[in-house]
Each structure stands twice: as C-alpha cells, then as structure tokens.
Amino acid sequence: MGATFLRKLPIPMDIKSQYPLTNNLMRIKAKRDEGISAVFKGESDKFLLIIGPCSADRRDSVLDYISRLKKISEQVKDKIIIIPRIYTNKPRTTGDGYKGMLHQPLPTEEPDMLKGIVAIREIHMSALRDYGFTCADEMLYPDNYRYLSDVLGYVAVGARSVENQQHRLTASGIEIPVGMKNPTSGDLSIMMNSVVAASHPHTFIYRGWEVKSTGNPLAHSILRGYVDSSGKYASNYHYEDLCKLNELYAEYGISYPGVIVDANHANSGKNPFEQPRIAKDVLFSRSQNPDIKRLVKGIMVESYIEDGAQTLGESVYGKSITDACIGWEKSEKLILELADKL
C-alpha cells in the first residue's frame, strides 16, 4: 500500500476527557443551542449571522477577531445571533495548499494531526469560555466531528462533500443545525436530497461502530452560487432563486424549511467586497415576501481583521491565507447596517 501509517490517534472520548467542558460551559452551550434552534424552527425572529475567516489559521488573530465580534454582538443581540466561523479544516480543489489548523496548527510548520486535534478543540473551547460563543465549523471529515461535538453551535457541509453518503448520514445524528451547501454545479436537487437524508434516521457505520441516528430536523440548505457550464461564476441568492427554493421545500415536504445565504464564494464571484451588497440584497428580498422572510434564516460572511488575502510567507496578522475576506472595519459597519434593516 502506498501510504505510511504514522500513529494511532486518540479517540474523541479521550481528547474530551483531557480537555473537558465545565458545567458552566455546558450551560452556556445549551442556551446558545436553544436560541439558534428556535430560529430554524420558526420560533424566533432573530437573524443568524455566521461570520469569520475563511480558515482559522492562527489562534491569536482568530481569538482577537472573536473578541471584536463579542463587543458588537452586545449591540445587536436583540435582532442578530452572531455565530463566529472557526473553520479548522480547509477543502482544497486540487488537494494542495494549506488544509487548515487540524493539519497544521501553525501554517508554517509541518503537518501534525495530533497537535491539530488538540489545537482545534482548544480554540473552540476558548471561544466558548472567554467569549460565550459556540462557533461554526465545516465537517470536512465526518469521523472527526466527535472531537468537537460538545462545543460547536453550527456545522456546514461543503459544496464538494454534499453528495457524500457518510456526510449525510453523520449529519443525521447531529443535534445542532447542519447546513448543506449546493454543489459547485448548482444542482439544487442534490442539496435538497442531502437535507432530506440528514433529516431522516439511519443505521450506519461510524468510527468502527454500528450506530443508529434519530434524524436531524435542523438540517437545511446553504446557497453559495455555482460554476456554470462555461466555467463562469453564477449567483443564486436573488429573489427569484429564493422563491424557487421555497417551492422546492414545499415539494420535498421538509418540516423546517430554512436557508443560509453564503454571500461569498460563487455568489460574489470570489470578490469578498461584494458581500455587504449581497447581504443587504437578501434582506431586501425578505422584506418583499413573508414566505422568503420565513425561509431565509441568516447569512454567511467571510471576514477577518484585514481586508483581502495574503500568500503564506507574508505573515500579515489577521489577514486570510486562503480566500480573501472583508476586514474588520467593513465587517463592523455591515453588522450594524444589517441590524438597522431587520
């Protein structure tokens, strides 16, 4: 076999016992879970803002960014629930490049998966302990979800994973909201099939166990745009797109219809500075149609301390080393503008 087995990694139970949550942190998470769940169930009119760096590259700058979110969250808490992005796994189109903190706790060092597992648990625990935030992460590797299952507030399944059976089945056993992105082709039926699969109970193999899931009623869709047949970016956040999605939800008979609109990626044409305009466009669409208002639960924004992106060797504090983001000044302005319009 053309692979070297380096070492057996600790199981999630062992990592959790080494880095446990206190009873107080469990209570904070339970309260956050209740508030976020109420939005997806239609029991709360609050709006979700899932915001943060494209990838969590450095502990210090990510937590600095989250400390800023904490301050502004107090100003908008009556209208907006902020869920910081701490994306610790980074899917790569060709497989090359920085794959996230799970692989490399420090981007300039060699991969070390054990250090990575500890690092991602510690950073999520810090966000919860120091700032009261349960955060969002992408489930790139379903088997690794259990390392963070007691600290996360939101899970995203990416455009390249949404067709994968193990992602769908694992999502069916998760007790917090899981968003299924539309695939890069833009085929909404694939995304909707994934939402349905995640909402149903299943029996399957997970981490060497036969498990039975209960189904996840909080599974929902994420619109992130797509690449058309000519290879160009195409958006799917407009009023007509949301109306079409609302009709699809009715056809599929899903209990809690819901969508998060990703303002970046193909929706912005990979131009992060379009995100504020797109976010406000989505809010306008909600204001024009009560069905769309019920359907759209929130927006996802890629944001960091500094505008843009950098190459790995530049070492600019708080600037993305993967996809470009809007910086803090623009982010703060956007959050306050969204609150004014809600």
| Residue tally, condition farther than 24 Å from Ser37 by Cβ and either of a type outside the set (A, V, I, L, M, F, W, C) or in contact with a Cys (Cβ under 6 Å, 6 or more places away or on another chain) (or both), over region 290-324 | 17
| request: May I ask you to say which residue of Glu138, Glu122, Glu43, Glu110 is modelled with pLDDT under 95 and surrounded by fewer than 23 Cβ atoms within 10 Å (Cβ to Cβ)? | output: Glu110
| In region 77-89, is there at least one residue being in contact with an Asp or Glu (Cβ under 7 Å, 6 or more places away or on another chain) and at pLDDT below 95? | yes
| request: Identify all residues within region 174-203 that are over 17 Å from the mean Cα position of the chain (by Cα), under 26 Å from Tyr147 (Cβ atoms) and crowded, with 17+ Cβ neighbours inside 10 Å; write none if there are none. | output: Ala197, Ser199, His202
| Among residues of region 273-294, those that are buried (at least 18 other Cβ atoms within 10 Å of the Cβ) and small (Gly, Ala, Ser), counted | 2
| remark: Checked against (1) farther than 21 Å from Met101 by Cα; (2) at pLDDT 95 or above; (3) not charged (D, E, K, R), Thr4 satisfies every condition except (2)
| query | Quick one: which helices (runs of 4 or more DSSP H) sit completely within region 224-342 and have at least 2 residues that are in contact (Cβ under 8 Å) with a residue 60 or more places away in the chain and not aliphatic (A, V, I, L, M)? | reply | 275-288, 328-341
| field | Selection count where residues are outside any loop (DSSP other than H, G, I, E, B), farther than 21 Å from Leu242 by Cβ and in contact (Cβ under 8 Å) with a residue 40 or more places away in the chain, scope region 205-222 | value | 1
| What number of residues in region 136-191 are touching a helix residue (DSSP H, G or I) at 6+ places or on another chain (Cβ under 7 Å) and of a type in the set (S, T, N, Q)? | 5
| note | Of the residues in region 76-112, those that are touching a Cys at 6+ places or on another chain (Cβ under 9 Å) and aliphatic (A, V, I, L, M) come to Ile83, Ile86
| note | Considering region 322-334, residues that are more than 11 Å from Ile51 (Cα to Cα) and under 18 Å from the mean Cα position of the chain (by Cα), and then whichever is surrounded by the fewest Cβ atoms within 10 Å (Cβ to Cβ), we arrive at Asp323
| task | Inspect region 69-77 for any residue being within 15 Å of the chain's Cα centre (by Cα) and under 20 Å from Val155 (Cα atoms) and give the result as yes or no. | result | no
| remark: Lys297 vs (1) surrounded by 23 or more Cβ atoms within 10 Å (Cβ to Cβ); (2) of a type in the set (Lys, Arg); (3) at positive phi: all pass except (3)
| request: Taking the residues in region 141-173 that are among the aromatic types (Phe, Trp, Tyr) and more than 18 Å from Leu218 (Cβ to Cβ) as candidates, determine which candidate is surrounded by the fewest Cβ atoms within 10 Å (Cβ to Cβ). | output: Tyr141
| request: For region 16-39, state whether one or more residues are crowded, with 20+ Cβ neighbours inside 10 Å, out of contact with any Phe, Trp or Tyr (no Cβ under 7 Å at 6 or more places or on another chain), assigned to a strand (DSSP E or B) and of a type outside the set (A, V, I, L, M). | output: no
| query | For Arg92, all conditions in the list (1) within 26 Å of Leu169 (Cβ to Cβ); (2) at pLDDT below 95; (3) charged (D, E, K, R); (4) crowded, with 19+ Cβ neighbours inside 10 Å hold save one; what is the number of the exception? | reply | (4)
| How many residues does region 8-59 hold that are closer than 26 Å to Arg207 by Cα, in contact (Cβ under 8 Å) with a residue 24 or more places away in the chain and basic (Lys, Arg)? | 2
| task | Name, by its number, the condition in (1) surrounded by fewer than 20 Cβ atoms within 10 Å (Cβ to Cβ); (2) in contact (Cβ under 8 Å) with a residue 12 or more places away in the chain that does not hold for Ile82. | result | (1)
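The values are calculated or read from the model by the stated rules, or taken from the named source; none is laboratory data. Nothing here was measured: the structure is a model prediction, and the numbers come from that model. Positions of Cβ are generated from backbone atoms using ideal geometry, with glycine treated the same way; all protein chains shown enter the neighbour counts.
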